[in-house]
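Enquirer: The structure that follows is given in the form of structure tokens.
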Amino acid sequence: MTKDSFANSILLIEDEENIRSFIFTTLKNQNYKVTTSSSGAEGLHLAASLCPDIILLDLGLPDMDGMEVISKLRSWTAIPIIVISARTNEHEKARALDQGADDYITKPFGAVELLARIRTSLRHSRQMQDMSSIHQKPYHYKNLTVNFENHVVTLNGEIIHLTQIEYKLLTLLARNSGKVLTYTFIMEKIWGPYTDSNNQILRVNMANIRRKIEKNPATPEYVFTEIGIGYRMAEGD
Ligand code: CA
């Protein structure tokens with residue numbers, strides 16, 4: 001139990017009672033402050049009045065489409081949103097992320113996975129808050145280090161030579177490590193908003209990066225493919 005989790009408040013918007021009580025109990029046991037709502041309208045109202053540290057949002061709500069809840073929230077707040085979805089439709093998950101959700105978790109899920117996603121999102125929002133002022137500390141995981149200050153990427157202590165695009169891609173993923181980034185988001189960040197929607201160029205660059213940093217590109221340790229959605233880099237230490 002950390003002092004930290006005491007302070008964190010979570011708003012859960014979910015209409016299925018079983019799932020709501022499972023999540024509520026799981027989070028309570030970790031000393032999070034939890035408020036629940038079973039509708040989109042009430043959830044939006046609570047979000048505005050409580051300003052929670054994180055919002056867990058079911059996409060299939062009785063009164064409102066979850067996508068609409070996301071866009072309404074994003075019109076005024078950057079509070080991290082983790083989408084809880086029964087839907088296995090990748091398009092929908094990608095759309096929720098592009099709409100401004102930070103992550104998603106697919107039903108059924110266990111307590112361990114849920115808590116890990118919450119910790120990741122909380123860490124990201126804290127990092128975003130102090131990012132403006134100080135230099136960013138290097139990304140480090142297993143044998144890979146990405147030093148954002150001097151633009152050096154090393155694997156087992158040896159410098160990895162990347163093209164400019166490959167470096168931009170890898171740092172984008174490393175800065176958002178632990179979080180899935182959609183193809184659309186990455187394409188816009190690297191190639192600009194008017195780029196071709198065909199993501200072949202992204203796949204080619206990613207294959208090149210993997211050849212350089214992964215021991216076995218087929219079973220990656222650092223950059224994972226979320227099929228039909230995008231990529232997620234292993235969370236740094
Ligand atoms: Ca539902």
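Enquirer: Can you list residues from other chains, or at least 5 along the same chain, whose modelled amide H is less than 5 Å from the amide H of Ile160?
Expert: Excluding prolines and chain starts, which carry no amide H, the hits are Val153, Thr154, Leu155.
Enquirer: So with the 1.4 Å probe, I'd like the accessible area per residue for the chain, rounded to whole Å².
Expert: Computed with neighbouring chains in place, this is 51 Å² per residue.
Enquirer: Using DSSP, restrict attention to beta bridges with both residues in the chain and report what percent are antiparallel, rounded to the nearest 5.
Expert: 50
Enquirer: Read phi for every residue in the stretch 53-68 and hand back ³J(HN,Hα) as whole Hz from Karplus 6.51 cos²θ - 1.76 cosθ + 1.60, θ = phi - 60°, with x for Gly and Pro.
Expert: Ordered by residue, 3J(HN,Hα) equals 7, 7, 10, 9, 10, 7, 7, x, 9, x, 9, 7, 6, x, 4, 5 Hz.
Enquirer: Among His45, Tyr222, Leu115, whose Cα lies farthest out toward the positive end of the dipole of the chain, if unit charges sit on the beta carbon of Lys, Arg (+1) and Asp, Glu (-1)?
Expert: In the chain, that residue is Tyr222.
Enquirer: Between Glu158 and His91, 0.36 nm times their residue separation minus their Cα-Cα distance comes to what? Don't jump to the answer; show the numbers that get you there.
Expert: On the way: separation 67, 0.36 × 67 = 24.12 nm, distance 3.88 nm.
Once the chain is fully extended between Glu158 and His91, it gains 20.2 nm.
Enquirer: Just how far, in whole angstrom, is the stretch 1-74 from the stretch 78-92 if you go by their alpha carbon centroids?
Expert: The two parts, judged by their Cα centres, are 13 Å apart.
Enquirer: Now, a different point. Which percent, nearest 5, of DSSP beta bridges in the stretch 9-132 are antiparallel?
Expert: Among the beta bridges of the stretch 9-132, antiparallel pairing accounts for roughly 5 percent.
Enquirer: Oh, and also: Counting other Cβ atoms within 10 Å of each Cβ, which chymotrypsin sites (Phe, Trp or Tyr not before Pro) in the stretch 6-113 have at most 12 and sit in a DSSP loop?
Expert: Sites meeting the loop and neighbour criteria: Trp76.
Enquirer: Going by the alpha-carbon gyration tensor, a ≥ b ≥ c the square roots of its eigenvalues, is the stretch 9-132 rounded (a/c under 1.5) or, if a/c is not under 1.5, prolate (a/b greater than b/c) versus oblate?
Expert: It comes out rounded by the Cα gyration axes.
Enquirer: Pairs of alpha-carbon atoms within less than 8 angstrom and 6+ residues apart define the contacts here; what relative contact order does the stretch 139-233 have, in percent?
Expert: The value is 27 percent.
Enquirer: Would you compute, from DSSP H runs of 4+ residues alone, the mean residue ellipticity of the chain at 222 nm, taking -39500 (n - 2.57) per run and dividing by the full residue count, rounded to the nearest 500?
Expert: That comes out to -13500 deg cm²/dmol.
Enquirer: Right, next: Out of the total accessible area of the stretch 139-233 (probe 1.4 Å, heavy atoms of protein only), what percent is carbon and sulfur?
Expert: Working: 2540 of 5000 Å².
Ligands and nucleic acids excluded, carbon and sulfur reach 51 percent.
Enquirer: Determine the relative contact order of the chain: mean sequence separation of Cα pairs under 8 Å and six or more apart, normalised by residue count, in whole percent. Show your work: numbers first, answer last.
Expert: Working: 354 pairs, mean separation 33.0, N = 237.
Computed over the chain, the figure is 14 percent.
Enquirer: Below 16 Å, Cα to Cα, which lysines can Lys168 reach? Residues fewer than 8 away in the same chain don't count.
Expert: Lys189, Lys212
Enquirer: If you don't mind, another one. Between Ile227 and Ala78, what is 0.36 nm times their sequence separation minus the Cα-Cα distance? Round to one decimal in nm. Could you put the intermediate results ahead of the total?
Expert: Values: separation 149, 0.36 × 149 = 53.64 nm, distance 2.63 nm.
Full extension from Ile227 to Ala78 adds 51.0 nm.
The values are calculated or read from the model by the stated rules, or taken from the named source; none is laboratory data. What you see is a predicted model; the values in this text were computed from it and never measured. Note that we place each Cβ from the backbone using ideal geometry, even for glycine, and neighbour counts take in every protein chain shown. Heavy atoms of the whole protein, side chains included, go into the accessibility calculation; ligands, DNA and RNA do not. Shrake-Rupley method; radii C 1.70, N 1.55, O 1.52, S 1.80 Å.
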